[in-house]
Every structure is written in structure tokens, then in C-alpha cells.
Amino acid sequence: MSARSETGSRLDDAARAGWLYYVAGHTQDQIASALGISRQTAQRLVSLAMSEGLIKVRVDHPIANCLDLAARLKTRFALDLVEVAPSASDSSSTTIGISEVAAVQIEKWLRLPEPIVMGIGTGRTLKAAISQLTPMECPQHKIVSLTGNIAPDGSAAFYNVIFTMADRIKARSFPMPLPVIASSPQEREMLLSQPMIRQTLALAAEASVTFVGIGDLGPRAPLYEDGFVSEAELKALQKAGGVGEIVGWVFDRDGRMIDGVTNDRVSSAPLPSREKSLVVALAMGELKLPGILAAVNRRLVNGLITDERTAAALLSGG
């Protein structure tokens, strides 16, 4: 048997053991008996099922402190939707917890029988959330990207999730076949004037719900680390007061868009109306606090999915 076949067979066994443990409620002794293996092997297979992402665990019971923080955030910032995930005290991850909660929220919209337009941003947190989605058939919905999917070197932008999402949910997808940031304001205007792009921009404006990430403008800003802006441009954005960005649009601590620098070259769609639709940000962590606070204060977004620590910090003024 080839190495590939052996790996596939082992993952099959892990998936079966994981199903018996998490879905059927069997003990490891019962799994060992059912599969004709030792208890130790059964334990290893269950662990493998989890480590390989074959098992997705969701906690449906609301946690009191999270509910309280969500209610206070909703009132404090006049938000239309707030979800707060428990914080993992020993984790430095900026996606764990909120990506799972976001996946549940996204699925709620996708399960609606009536057609909707869903706007999708980009970023690490959103990519993690999309990976949690249950595969489903949603031919009635349209999924539209708010931002370009081409990196500076001409390759596909790694954290653009429109194609991954469309594959998982089998919905009509509308990517933005553009660079995230054009080389000049003139190039941006030329690109956005194309009929196909105008149609995509118009569709994005009609979104009933939109999910976006918030990037920080620190030394390891995603825009910089992913190659969309140079070190000199990052420093210029910081000097201009930039504290956060949503689909490439950089804003200051008052939630006002930075004039010039890179904003006059961003090819992303404007954020849909917060008065007529729901725009939900997925963000957590100390580095993102200034950006999150500016976004909710200025109502750049009217929905927020975050964790306990970030929620408490927002309520205390950041």
C-alpha cells in the first residue's frame, strides 16, 4: 500500500472513531471494541480526528459573562448585533473562538430560504471562520467580495476568501478581479470604470449582510506583512493617524478615512450602508483595540464579533 493510501486509510479510521466518540457518544472502550483495536489506538485515532480538523466542536450553551458583555457593548455603541466568545487565557491567537462564532452567524444567513446578497471582506479571521462552515447548497444566494483578489506580485491574495467560501456553500460568487491597491489613483479609476467591475460594486452596495475583518496599523500590520503597502507607506499611514483598516480602507482613531497615502489607490468597494444593512466586524486582541473602538464609535460597522478580553477593554474605553 502506498504512503498516500495508508494516510487516507488512517484518516478514515480517525473520522470513524471521531464520529463514534463525539456524535454517537461511545466511550473509547466501546470504540476499541467496535473497530477491533486497542483502547490506546482508539484514543490516538480520536485525537487525530481533532488535530486534523475532521471534527468541528461548537458550544451552543450561552455563557453568562459573554451574554452580559455583548448586551453592554450593544447598548454602549448602538450596535445591531454583538457576539462575544470566551477568551482563552493561554492563547495568543487572534482568531480562536471568534472564528467559530462567526461561522455560526454566517450559516444562519446562508440557511435563509429567500435570496440574499452577502458581502465578504478578507483577512485571517474571516478565512478561519470560512474554514468552519458546514458544506451546504445555497444556489439562491449571491456572495460578493468587497475587495480585490490579486496580490502585488500578481498571485492570488492568500487571505481573500471568496472562492473558498463559494466552494463550500455552492452559491453564486462575485469576485473582484482587481489588485487590492492599485499602482496609482489613475489606474484605480480606470479599473473601477470597467462595466464588469461597476456591476460588482453595485451588487456589493446591495448586500443584506457583510462580514469583514479589522486590521491593525502596527509594525506587523497585515497590509504590510502581506505586501500590499511598503514600509514607507505604512509609516506614512501611521504618521497620518491611521489605527486600523477594513478591506484596505485605512482610518484614524475617530473613524475618519485617511486622506491620500494609499486610500486614493484602494480598489475595494465602499462599505455597504449601515442604516439599511448589517456590517459585522470580526476582530479581537490588544493590537486591534484602537481600530475596533474607532470602527464601532464611528459606526463604520454596526455588528461585532469579539472575545471577552477585547469586549471588556472596549467597555473601559480601550
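The values are calculated or read from the model by the stated rules, or taken from the named source; none is laboratory data. These numbers were taken from a predicted model, which means no experiment stands behind them. So basically every Cβ, Gly included, is an ideal-geometry build from the backbone, and we count neighbours across all protein chains shown.
Take ILE150 and tell me if it is at pLDDT 90 or above and among the aliphatic types (A, V, I, L, M). It is false that ILE150 is at pLDDT 90 or above and among the aliphatic types (A, V, I, L, M).
With respect to the stated conditions, THR164 fails to be under 23 Å from LEU223 (Cα atoms), crowded, with 18+ Cβ neighbours inside 10 Å and not hydrophobic (A, V, I, L, M, F, W, C).
Yes or no, residue by residue, for (1) in a loop (DSSP other than H, G, I, E, B); (2) surrounded by 17 or more Cβ atoms within 10 Å (Cβ to Cβ):
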{"site": "LEU11", "(1), (2)": "no, no"}
{"site": "ALA15", "(1), (2)": "no, no"}
{"site": "ASP29", "(1), (2)": "no, no"}
{"site": "ALA32", "(1), (2)": "no, yes"}
{"site": "LEU54", "(1), (2)": "yes, yes"}
